[in-house]
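**Student:** Sharing a structure here in structure tokens format.
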Amino acid sequence: MAMLQLDRLTKRFGDFTAVKDLSLTVADGEMVALLGESGCGKTTTLRMIAGFSEADEGVVSIDGRVMNSIPAFKRNVGIFFQNYALFPHLTAYDNIAFGLKVQRMDRQVIHTKVAQIIRMVKLEGLEKRYPRELSGGQQQRVALARALVMEPSVMLLDEPLSNLDAKLRVEMQVEIKRIQRVLGITTIIVTHDQEEAISLADRVVVMDKGRIVQVGKPEEVFENPASPFIADFMGFVNFFSGTVESVTEETTGIRCGEHLIEQSSALCADMAAGDSVKLAIRPEKILVSDCGGSSNPLFGRIESTTYKGNITRVEISGVFPEPLFVHSSDFHGSPGDSIGVCLPPEKIRVFKTK
Amino acid sequence: MSQKRNLFFLSFPTTFALLVMFAAPMLYILIHTLREDGLTYFVKFLTDSFYLNILKTTVSIALRTTGILLLLGYPTAYFLARTKSKLKNTMMIIILFPFLVSAVVRSYGWMVILGNKGLLNQFLLALGLIDTPLKIMYTSNAVIIGLVHLLLPYMILSITGVIQGIDKNLEYAAASLGCNPLRAFFKVLLPLSIPGIISGCTLVFTLSMTAYVTPRLLGGANFRMMSTMVFQEVNVNFNWGLASAISYILMFVILLFLVIFNFATAGINQRVGGQKNA
């Protein structure tokens, strides 16, 4: 298998710098997700690894071998396209066997390998179908098998789950992870969906404007985003500003309008009195009415409620200048009612603003 | 059902015009000929080597023109379909521009270039590449050059449209599976662009088979193709029976070639025909 190294990769399109000084090492057999909004440079990075696009600066290497001047067809990098890109004029079998046939492999060997991978992605019985005769999920399996059968040193997945409905997503998520574990292929997933990145990857790389802004284990990135931008991306939803008022060994007091929020100093590194900060909390971490002995009870007014089945989304005003959104699984209240909320300090993230 | 009927009404004016102005006269000519002369002229044409040679020349010119157009048109079409240049629209207009000039004018243009004392010969003589002027005017080569120039836009536009519908990712996928650009072309792009090749070739083959102005002007009075023969029999020899026999044989031969052409590519066309990758 293989280790992938990106060293200070830069790609420009005219005046626009799509990727800037991107360095990343992906260990053998590791699954890394490049996560970011569209236009953040993740797809450009993927194309440079695949060899479809040339880096202006920097080096792509696989197992220490520099790939920059090696054309795509000699790289042995497998790629899964968001739209699958199956060959419409070939059957599922011929799509999967395509690369092996290009290598002029012995027919019997091809047959054995294809049969094996077809079993692995559970496509038995569909070999003779054309892509248009397959469902979206089946097409996706063919696309995956077509790349995997080549035993690529590195596998690239471009938004692998975005074209599937909710039920199929969960199923494929499990499948992709299982197959990747079995084959132990070094894999990069490109996605704009934090859930997809977190559930699939061993490590999440968050990108913004062509740069890496945070690298970490899924739970690290999810729980402790490095900036308000990443927090927003990770679903923190509620942001409000404040000023640091007091700092002691244990607690840091932050003034948000009329409220003083007491935060553990461990979560407020490098902060001094007078610093302006941004606070963030997930809507599902805010407690409603019954605060269960927790500190910081605050009062506001219900603006609107949206029943979403498993949760109710409640918009509360009057606590901070910014409206507060709360997800509650068992909510009884109606717009206009006053309501008490608790913001557990250990769930609040504090970011210094410059 | 009612939707089908509505669609039919949309095509009604064209259908009506074709029936009244094309099918009816053709039928009239056929019936008229058969009643007056029976199969005499059909038999005469098909047994006389003079006429058969004219048919052979016509088919040969049309096939060579189609072949050259395919080789010239495909790369241009590919470029136009894939380029991201801002000049793309300008290039399209340049390709369409020849349509604005009549075939007569363009043929006279070629006469100036290809004649014994034409630009091309003078240029080659001046360079010392040849000692005596090349004989191009009034040969089949001149006719083919004229037809290629005349029909190139049809070929380019037919193929460009189809290539634009082929997902660029398919070419990337082929590369990632180990295809060099040439193999990717033969294994993916070419089979998928067959529908465009068929429509382009059908158009230019038919138009070359029936072209009149270009062979008449660039081939000269003694260069005979099926269409110039029809004209001669109608307007010079007043042998309308023979003229209609030639017309029908020409039409039949064109249809025959189109059927062969479609059969040869039917398998692949059926699989890719009209469908695009999701």
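**Student:** Please determine, by comparing only the residues of segment B:162-171 that are in a helix (DSSP H, G or I) and open to solvent by less than 20 Å² (accessible area, probe 1.4 Å), which one is nearest to the other protein chains (Cβ to nearest Cβ).
**Tutor:** Taking segment B:162-171 first, the residues in a helix (DSSP H, G or I) are B:162-164, B:168-171.
This time we only want the ones that are open to solvent by less than 20 Å² (accessible area, probe 1.4 Å), so: B:163, B:170.
Working: B:Ile163: 14, B:Leu170: 5 Å.
For segment B:162-171, the residue satisfying everything is B:Leu170.
**Student:** Sticking with this one: For segment A:318-338, which residues satisfy the criterion of being open to solvent by less than 30 Å² (accessible area, probe 1.4 Å) and either out of contact with any strand residue (DSSP E or B) (no Cβ under 9 Å at 6 or more places or on another chain) or under 18 Å from A:Ile261 (Cβ atoms) (or both)?
**Tutor:** Within segment A:318-338, A:Val319, A:Phe320, A:Leu324, A:Val326 meet the criteria.
**Student:** Within segment A:147-173, take every residue that is more than 11 Å from chain B (Cβ to nearest Cβ), among the small types (Gly, Ala, Ser) and closer than 30 Å to A:Ser61 by Cβ and give me the one that is surrounded by the fewest Cβ atoms within 10 Å (Cβ to Cβ).
**Tutor:** A:Ser162
**Student:** Let me confirm something: among B:Ala142, B:Ala174, which residue is within 11 Å of chain A (Cβ to nearest Cβ) and either open to solvent by less than 10 Å² (accessible area, probe 1.4 Å) or touching a Cys at 6+ places or on another chain (Cβ under 6 Å) (or both)? Steps first, answer last, please.
**Tutor:** On the way: B:Ala142 fails: within 11 Å of chain A (Cβ to nearest Cβ).
It is B:Ala174.
**Student:** Give the residue that is most open to solvent (accessible area, probe 1.4 Å), with candidates limited to residues of segment A:189-209 that are part of a helix (DSSP H, G or I) and not hydrophobic (A, V, I, L, M, F, W, C). Don't jump to the end; show me each part of the working.
**Tutor:** First, the residues of segment A:189-209 that are part of a helix (DSSP H, G or I): A:194-200.
Next, only the ones that are not hydrophobic (A, V, I, L, M, F, W, C) stay: A:194-196, A:199.
Details: A:Gln194: 50, A:Glu195: 101, A:Glu196: 2, A:Ser199: 33 Å².
The qualifying residue most open to solvent (accessible area, probe 1.4 Å) is A:Glu195.
**Student:** For the subset of segment A:75-96 comprising residues that are more than 8 Å from chain B (Cβ to nearest Cβ), of a type outside the set (A, V, I, L, M) and not in a loop (DSSP other than H, G, I, E, B), which member is surrounded by the most Cβ atoms within 10 Å (Cβ to Cβ)?
**Tutor:** Only one residue tops the list, namely A:Asn95.
**Student:** Say we look at segment B:177-190 and pick out the residues that are more than 18 Å from A:Ser53 (Cβ to Cβ) and open to solvent by 20 Å² or more (accessible area, probe 1.4 Å); which of these is nearest to the other protein chains (Cβ to nearest Cβ)?
**Tutor:** B:Gly178
**Student:** Look at A:Arg141 and say whether it is more than 12 Å from chain B (Cβ to nearest Cβ), within 30 Å of A:Thr17 (Cα to Cα) and either open to solvent by 60 Å² or more (accessible area, probe 1.4 Å) or under 27 Å from the mean Cα position of the chain (by Cα) (or both).
**Tutor:** Working: more than 12 Å from chain B (Cβ to nearest Cβ): yes; within 30 Å of A:Thr17 (Cα to Cα): no; either open to solvent by 60 Å² or more (accessible area, probe 1.4 Å) or under 27 Å from the mean Cα position of the chain (by Cα) (or both): yes.
Here the answer is no, as A:Arg141 does not meet what is asked.
**Student:** Before we move on, is B:Leu124 more than 30 Å from B:Pro195 (Cβ to Cβ) and either modelled with pLDDT under 95 or of a type outside the set (A, V, I, L, M, F, W, C) (or both)? Show your work before the answer.
**Tutor:** Values: more than 30 Å from B:Pro195 (Cβ to Cβ): yes; either modelled with pLDDT under 95 or of a type outside the set (A, V, I, L, M, F, W, C) (or both): yes.
Considered against the rule, which asks whether it is more than 30 Å from B:Pro195 (Cβ to Cβ) and either modelled with pLDDT under 95 or of a type outside the set (A, V, I, L, M, F, W, C) (or both), B:Leu124 comes out as yes.
**Student:** Out of B:Thr90, B:Thr15, B:Thr58, B:Thr66, which single residue is within 20 Å of B:Ser227 (Cβ to Cβ), out of contact with any Leu (no Cβ under 8 Å at 6 or more places or on another chain), polar (S, T, N, Q) and assigned to a helix (DSSP H, G or I)?
**Tutor:** On inspection, the qualifying residue turns out to be B:Thr66.
**Student:** With the requirement that a residue be of a type in the set (S, T, N, Q) and outside any helix (DSSP H, G or I), what does segment A:100-133 give you?
**Tutor:** Step one: filter segment A:100-133 for residues of a type in the set (S, T, N, Q), giving A:103, A:108, A:112, A:116.
Residue satisfying the conditions is A:Gln103 alone.
**Student:** Moving on. Going by what's in this entry, would A:Gly29 be described as within 10 Å of another protein chain (Cβ to nearest Cβ), within 22 Å of A:Arg178 (Cβ to Cβ) and modelled with pLDDT under 95? Talk me through it step by step, then tell me what you get.
**Tutor:** Numbers: within 10 Å of another protein chain (Cβ to nearest Cβ): no; within 22 Å of A:Arg178 (Cβ to Cβ): yes; modelled with pLDDT under 95: yes.
For A:Gly29, the condition - within 10 Å of another protein chain (Cβ to nearest Cβ), within 22 Å of A:Arg178 (Cβ to Cβ) and modelled with pLDDT under 95 - is not met.
**Student:** Just checking, does segment B:86-109 include any residue being more than 20 Å from B:Met209 (Cα to Cα), among the polar types (S, T, N, Q), more than 14 Å from chain A (Cβ to nearest Cβ) and touching a residue at least 60 places away in the same chain (Cβ under 8 Å)?
**Tutor:** Checked against the condition, which is being more than 20 Å from B:Met209 (Cα to Cα), among the polar types (S, T, N, Q), more than 14 Å from chain A (Cβ to nearest Cβ) and touching a residue at least 60 places away in the same chain (Cβ under 8 Å), segment B:86-109 yields no hits at all.
**Student:** Report every pair of residues separated by at least 6 positions or lying on different chains whose Cβ atoms are under 8 Å apart, first residue within segment B:111-136 and over 24 Å from B:Val213 (Cα atoms), second open to solvent by 90 Å² or more (accessible area, probe 1.4 Å) and assigned to a loop (DSSP other than H, G, I, E, B).
**Tutor:** Between residues of segment B:111-136 that are over 24 Å from B:Val213 (Cα atoms) and residues that are open to solvent by 90 Å² or more (accessible area, probe 1.4 Å) and assigned to a loop (DSSP other than H, G, I, E, B), the close pairs are B:Leu125/B:Asp131; B:Pro133/B:Lys117.
**Student:** Looking at (1) within 14 Å of chain B (Cβ to nearest Cβ); (2) outside any loop (DSSP other than H, G, I, E, B); (3) touching a helix residue (DSSP H, G or I) at 6+ places or on another chain (Cβ under 7 Å), find the lone condition where A:Leu22 falls short.
**Tutor:** Against the list (1) within 14 Å of chain B (Cβ to nearest Cβ); (2) outside any loop (DSSP other than H, G, I, E, B); (3) touching a helix residue (DSSP H, G or I) at 6+ places or on another chain (Cβ under 7 Å), A:Leu22 comes up short only on (1).
**Student:** Restricting the search to segment A:252-287, which residues are farther than 20 Å from A:Phe325 by Cα, touching a Pro at 6+ places or on another chain (Cβ under 9 Å) and open to solvent by less than 10 Å² (accessible area, probe 1.4 Å)?
**Tutor:** Matches in segment A:252-287: A:Gln263 only.
The values are calculated or read from the model by the stated rules, or taken from the named source; none is laboratory data. This one's a predicted model, so the numbers in the text were calculated from it and none came from an experiment. Note that each Cβ is placed from the backbone with ideal geometry, even for glycine, and that neighbours are counted across all protein chains shown. These area figures cover heavy atoms from the full protein model, side chains too; ligands, DNA and RNA do not enter into them. Shrake-Rupley method; radii C 1.70, N 1.55, O 1.52, S 1.80 Å.
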